[in-house]
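Enquirer: Got a structure for you, questions after.
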Amino acid sequence: MSELKGWRELPIGAIPFKLSTEFKTGDWRTFKPVIKQDKCVKCLLCWIYCPDMSIVWDGEKVTVNYDYCKGCGICAHECPVKAIEMVKEG
Amino acid sequence: MSFTFNIKELAKQPPKLLPGHRLCAGCSVPTIVKLILLAAEGPTIVATATGCLEVATTIFPYTSWNVPWIHNAFENVAATASGIEAAIKAMKRRGAFKYERVNIIAFAGDGGTYDIGIQALSGAIERGHDFLYVLYDNEAYMNTGIQRSGGTPLGAATTTSPAGKVIPGKMQHKKPIADIVVAHRAPYVATATPAHWADLMRKTKKALSIRGPKFLHVLAPCCRGWRFDMHLTMEIAKLAVDTCYFPLWEYEKGEWRLTDRSLVIAKNPKLKKPIEEFLKVQGRFKHLFKPENRHIIKELQEYVDMVWEDLLKRAGIK
């Protein structure tokens, strides 16, 4: 029998130590959003609604980070000027 | 108090909830968390009860949280948040804590709030801890495969209230959880949806500016559990407000106020849509449109109208 440990010696609970950005969820996608830059009015509604933080705003134009985009199509559906088209991957 | 947001500036910041999380495509929960953490300025600590959000954002060894984060059991996120606040107080007394104020935010789903976590929540509000409790309500235990919860509405089909010959989906109404919190005389209680994003962010900012326990009830449409196409998530949240199924309001110091779209509907009742508009786009309610189940739609409509009329009276509009 080993000796009982005091609370200071107990191991700390599980600690996730890698960022999930290492895990690319882009391969879940069937349809990919394509932004028509000439139509985009830069309202950033797509950025607000995107559940996967995959819409990138650099201060000048809106682009998609296909590493994480799961292709849900919320951005295309909510775009007020229909500047986003869902195109089948392949 | 009014708050304005410059999205074009905020969008340049690194996100506090990182991509690469494994919530379903079309899930509304990451949008809710993203917007709330965007509105929370200054140091923030997040505690999360077991639920979709917790299991999908921290699959070992990965974490999606770009803020200090702690997980606990299903039932005690409010107690954990209380403990964080008490620990900060104790560290301040010893001069071992450098921040003046820290935002403590607890996230829990409807299972972790309506059913399993209500005792811890009630206790934490009664003790008056300074924290914000966010309930993301997807109206069933979605993480384990769509079992009914106290938040599931009347008539919804789930795996433990399946629609068939014996029962037409869940037999009971949704528990009025926000009213239960208001009954605790919490300083600030509000409802929100991710589709009405400015309203959600404003309410978060306002809540965090108030000391004491705050409660935010956010509707979280779930494409897998509610059975709709994943691109419709925000559309359905808008329909929930337009049909007055989920009115947007806030309660502060004994006063009720309707906000955003619900205020518009209150001033122009013609904009209120029938509950069918909200039901017909979701597979979990499709059996209600059979002739033998039509009476449930009528019952739901009467219930929604009753709650809405009551809210108008409380807000002093009628």
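Enquirer: Tally up the carbon and sulfur contribution to the accessible surface of region A:23-88 as a whole percent, 1.4 Å probe, everything protein left in place.
Expert: The value for region A:23-88 is 54 percent carbon and sulfur by accessible area.
Enquirer: Next up: If each residue of separation counts as 0.36 nm, what is the full-extension length gain between B:ASN268 and B:LYS253 once their alpha-carbon separation is subtracted?
Expert: 2.7 nm
Enquirer: Can you give me the accessible area per residue for region B:7-314, using a 1.4 Å probe, in Å²?
Expert: With the other protein chains kept in place, region B:7-314 gives 39 Å² per residue.
Enquirer: So how tilted is helix B:118-127 from the main axis of chain B? Cα-based, degrees 0 to 90, rounded to 10.
Expert: Helix B:118-127 sits roughly 50 degrees off the main axis of chain B.
Enquirer: Determine, for each peptide in B:119-127, B:45-53, B:148-156, the mean count of other beta carbons within 10 angstrom over its residues, then list the peptides with the highest first. Intermediate results must be reported in sequence, preceding the final value.
Expert: Values: B:119-127: 19.2, B:45-53: 25.2, B:148-156: 23.2.
Per-residue Cβ counts within 10 Å, averaged per peptide and sorted highest first, yield B:45-53, B:148-156, B:119-127.
Enquirer: In Å, what Kirkwood hydrodynamic radius results for region B:7-314 from the alpha-carbon pair distances?
Expert: It is 19.8 Å.
Enquirer: Regarding region B:258-312, what's the average projected area of the Cα-atom convex hull, expressed in nm²?
Expert: 4.2 nm²
Enquirer: Binned at 5 Å from 0, what are the whole-percent values of the Cα-Cα distance distribution for region A:23-88, short to long?
Expert: Bin by bin from 0 Å, the calculated values are 4, 20, 33, 26, 13, 4, 0.
Enquirer: Under a Cβ-Cβ limit of 4.7 Å, which cysteines in chain A have nobody to pair with?
Expert: Lone cysteines by the Cβ rule: A:CYS40, A:CYS43, A:CYS50, A:CYS69, A:CYS72, A:CYS79.
Enquirer: Highest GNM mean-square fluctuation, chain B, Cα pairs closer than 10 Å: which of B:HIS287, B:HIS184, B:HIS71?
Expert: Top of the fluctuation ranking is B:HIS184.
Enquirer: Turning to a different aspect of this structure: Just B:ALA11, B:ALA163, B:ALA106 to compare: in a GNM of chain B, with alpha carbon springs under 10 Å, which one fluctuates most?
Expert: B:ALA11
Enquirer: Let me ask you something else. Let me know the whole percent of all Cα-Cα pairs from region B:1-159 that are separated by more than 25 Å.
Expert: 35 percent
Enquirer: Taking just the alpha-carbon atoms of the protein assembly as shown, what radius of gyration and Dmax come out, in angstrom?
Expert: Spelled out, the Cα radius of gyration and Dmax of the protein assembly as shown are 21.4, 76 Å.
Enquirer: Continuing with this model, one more query. Using only protein heavy atoms and a 1.4 angstrom probe, determine the accessible area buried between A and B, summed over both sides, in Å² to the nearest 100.
Expert: Buried area between the two chains comes out at roughly 3200 Å².
Enquirer: So, one more: Per Stokes-Einstein, at 10 °C and 1.306 mPa s, what whole-number D in µm² s⁻¹ belongs to region B:78-165, with the Kirkwood radius over Cα pairs as the hydrodynamic radius? Display every interim value, and only then the final one.
Expert: Working: Rh = 14.9 Å.
For these conditions, the coefficient is 106 µm²/s.
Enquirer: Something else: With a point put 7 Å past each Cα toward its Cβ, work out how far B:LYS89 is from B:ASN6 in nm, to one decimal.
Expert: Between B:LYS89 and B:ASN6, the label points sit 3.8 nm apart.
Enquirer: Now for a separate question. So who's got an amide H within less than 5 Å of the one on B:ILE275, skipping anything under 5 residues away but keeping other chains? H placed 1.01 Å off N, in plane.
Expert: Amide H neighbours of B:ILE275: none.
Enquirer: Right, another one. Can you list residues from other chains, or at least 5 along the same chain, whose modelled amide H is less than 5 Å from the amide H of B:ILE70?
Expert: Amide H neighbours of B:ILE70, under 5 Å, 5+ apart: B:VAL46, B:ALA47, B:THR48.
Enquirer: Using modelled amide H (1.01 Å from N, peptide plane; none on Pro or chain starts), what sits under 5 Å from the amide H of B:TYR133, excluding residues fewer than 5 places away?
Expert: Here B:ALA106, B:LYS214, B:PHE215, B:LEU216 satisfy the definition.
Enquirer: Going by Cα centres, region B:38-55 and region B:205-270 are how many Å apart?
Expert: 20 Å
Enquirer: To the nearest 10 degrees, how steep is helix B:29-39 against the longest Cα principal axis of chain B, on a 0 to 90 scale?
Expert: 40 degrees
Enquirer: Using just the helices of the protein assembly as shown, give the 222 nm mean residue ellipticity in deg cm²/dmol: DSSP H runs with n ≥ 4 each add -39,500 (n - 2.57), and the total is spread over all residues, rounded to 500.
Expert: Result for the protein assembly as shown, helices only: -8500 deg cm²/dmol.
The values are calculated or read from the model by the stated rules, or taken from the named source; none is laboratory data. Predicted, not measured: the structure shown is a model, and the values here were computed from it. All Cβ positions, glycine included, derive from the backbone under ideal geometry; neighbour counts span all protein chains shown. Accessible surface is based on the protein model in full, side chains and every heavy atom, while ligands, DNA and RNA are left aside. Shrake-Rupley method; radii C 1.70, N 1.55, O 1.52, S 1.80 Å.
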